[in-house]
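Visitor: I have a structure I would like to understand better, so I am pasting it below and will then ask my questions one at a time.
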């Protein structure tokens with residue numbers, strides 16, 4: 001386990017399907033990239049499986065900046081998961 | 001010259017005043033020869049929708065729009081740039097987003113405003129949920145591929 005918990009925040013239908021807005025998790029050391037995180041989260045229960053069924057559509061931001069799924073998550077304070085954006 | 005221009009970015013629940021926002025960029029600025037506004041409004045999809053709910057990522061929305069605004073300031077010679085995005089529940093006809101660009105000649109203002117909106121649509125962390133006029137449960141609005149394509153045309 002990493003020493004510090006990581007805050008996960010969820011928006012729009014990702015938030016609705018997971019059923020919570022945010023949570024603090026202790027990530028296992030083998031969860032190194034965003035893609036690893038999505039796979040690990042999917043295994044946490046039916047609501048996560050439902051939200052992350054198609055991980056390729058999930059957009060991710062680390063510490064408030066967009067990243068792609070290959071990005072390493074070491075040192076991330078806050079990781080946000082959300083659908084493609086529809087502002088404007 | 002543009003390095004000294006600071007964008008004005010606001011993420012807010014309340015409406016904005018378009019005339020006041022133009023004045024913010026032009027008052028005392030005798031070098032401004034062109035101002036372009038873009039205003040995005042809530043529409044009712046031919047009567048099907050009673051409202052749109054705009055969710056946003058409070059920690060990131062302003063920072064991301066500021067990043068896009070600063071990129072516009074690097075790419076075009078602008079005298080001023082404003083981007084205001086609202087969140088919360090909007091009724092059809094309500095304002096959602098405002099972009100104002102000011103420049104010496106019109107082309108920079110037109111192009112920068114267009115760039116800003118294209119990037120904002122695909123990168124600013126906002127999500128729209130429909131409220132349907134018949135009272136049935138509304139869906140989250142799907143992102144459009146055209147919006148990604150519109151942003152991609154500015155790639156360098």
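A short reminder: the numbers here are calculations on the coordinates, not readings from a lab. What you see is a predicted model, and the numbers here were worked out from it, not measured in a lab. Note that each Cβ is placed from the backbone with ideal geometry, even for glycine, and that neighbours are counted across all protein chains shown.
Visitor: In the P(r) worked out for region B:1-77, what percent of Cα pairs fall beyond 17 Å?
Guide: Details: 1822 of 2926 pairs.
Considering region B:1-77, 62 percent of its Cα-Cα pairs are separated by more than 17 Å.
Visitor: What is the Cα radius of gyration of the protein assembly as shown over 2.2 N^0.38 Å, N being its residue count? Let's see the in-between values first.
Guide: On the way: Rg = 19.6 Å, N = 244, 2.2 N^0.38 = 17.8 Å.
Normalised Rg, Cα atoms only: 1.10.
Visitor: Stokes-Einstein D for region B:2-149 at 20 °C, 1.002 mPa s, Kirkwood Rh over Cα pairs, in µm²/s?
Guide: Using the Kirkwood radius from Cα pairs, D works out to 134 µm²/s.
Visitor: What share of Cα pairs, in percent, lie more than 14 angstrom apart in region A:29-75?
Guide: Pairs farther apart than 14 Å: 48 percent.
Visitor: Turning to a different aspect of this structure: Which whole number gives the average, over all residues in B:53-61, of C-beta atoms from other chains lying within 10 Å of the residue C-beta?
Guide: Per-residue shielding by partner chains comes out at 5.
Visitor: What is the average number of partner chain Cβ atoms found within 10 Å of a Cβ in B:134-143?
Guide: 2
Visitor: Further question on the same structure: Please give the calculated 222 nm ellipticity per residue for chain B, where each DSSP H segment of at least 4 residues contributes -39500 (n - 2.57) and the sum is spread over every residue; nearest 500 deg cm²/dmol?
Guide: Dividing the helical sum by the residues of chain B leaves -11000 deg cm²/dmol.
Visitor: Let me ask something else. Distance from the Cα centre of region B:34-66 to that of region A:12-88, in angstrom?
Guide: Between the Cα centre of region B:34-66 and that of region A:12-88, the gap is 24 Å.
Visitor: Continuing with this model, one more query. Quick check on the exposure proxy: order B:26, A:86 from fewest to most C-beta atoms within 10 angstrom.
Guide: Fewest-to-most ranking of B:26, A:86: B:26, A:86.
Visitor: Could I ask something else about it? What 222 nm value per residue comes from the helices of chain A, counting each DSSP H run with n ≥ 4 as -39,500 (n - 2.57) and dividing by all residues, nearest 500 deg cm²/dmol?
Guide: Taken over chain A, the calculation gives -6500 deg cm²/dmol.
Visitor: So what's chain A giving for Cα Rg divided by 2.2 N^0.38 Å, two decimals?
Guide: Ratio of Cα Rg to 2.2 N^0.38 Å: 0.99.
Visitor: Could you check which residue among B:109, B:61, B:19 shows the biggest mean-square fluctuation in a GNM of chain B with a 10 Å Cα cutoff?
Guide: The residue that fluctuates most here is B:19.
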